[in-house]
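*Asks:* Sharing a structure with you now.
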Amino acid sequence: MHNLDGHQTIMAFDYGLRQMGVATGQTLTGSAQGLCILKAHDGIPNWDEVSKLLDEWTPDLVLVGLPLNMDASESELSRLARKFARRLQGRFNANVLMVDERLTSQDAKALIREENNQGSKGRTDLTKIDHLAAALILQSWLDQPDLGRQP
């Protein structure tokens, strides 16, 4: 279990092959918010953009969503997400944990649809929700820090 004593800044990545959602949060308020979406090519982001984000936010902990199958088994995408997490550790000396991300993309889409029903009637591009999925990953960890595991 991760130590939640004191104020800590957390960053989360929703790993994907074409894009990755990024969110930030903090332990003081226990809240998370979507930050941005990074483009990726075959699961590889622009590492300069990742570096800029890490430099700007200086997170104490970085979370990476672990895309498990519904039966909790791992897939090729799980392996690639773990590889991405290990690269974050190696390149940036970041403290990284993996968090089960099952259903976060569906939850993010449901949130967007709900907001649309309550507000604007324009069409929403549901492929641009990865930063919200990252926020849900981060929020789930803030709510239950024992969900985190090593890459």
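*Asks:* Sort out which residues of segment 74-92 are more than 14 Å from Trp47 (Cβ to Cβ) and without any contact (Cβ under 8 Å) to a residue 12 or more places away in the chain, and write them in order of number.
*Replies:* Hits for segment 74-92 are Glu74, Ser75, Glu76, Arg79.
*Asks:* Can I ask one more? What pairs come up if the first residue lies in segment 45-64 and is small (Gly, Ala, Ser), the second is modelled with pLDDT of 95 or more and assigned to a strand (DSSP E or B), and their beta carbons are under 7 Å apart, counting only those six or more places apart or on different chains?
*Replies:* none
*Asks:* Residue check: is Lys52 within 16 Å of the chain's Cα centre (by Cα) and more than 23 Å from Gln139 (Cβ to Cβ)?
*Replies:* When the stated conditions are applied, Lys52 does not pass them.
*Asks:* Can I ask one more? Against the condition out of contact with any helix residue (DSSP H, G or I) (no Cβ under 7 Å at 6 or more places or on another chain), outside any strand (DSSP E or B) and modelled with pLDDT of 95 or more, how does Arg102 come out, does it pass?
*Replies:* So Arg102 does not fit the description; no.
The values are calculated or read from the model by the stated rules, or taken from the named source; none is laboratory data. Please read all numbers here as calculations on a predicted model, not as lab measurements. Every residue, glycine among them, receives a Cβ derived from its backbone with ideal geometry; neighbour counts consider all protein chains shown.
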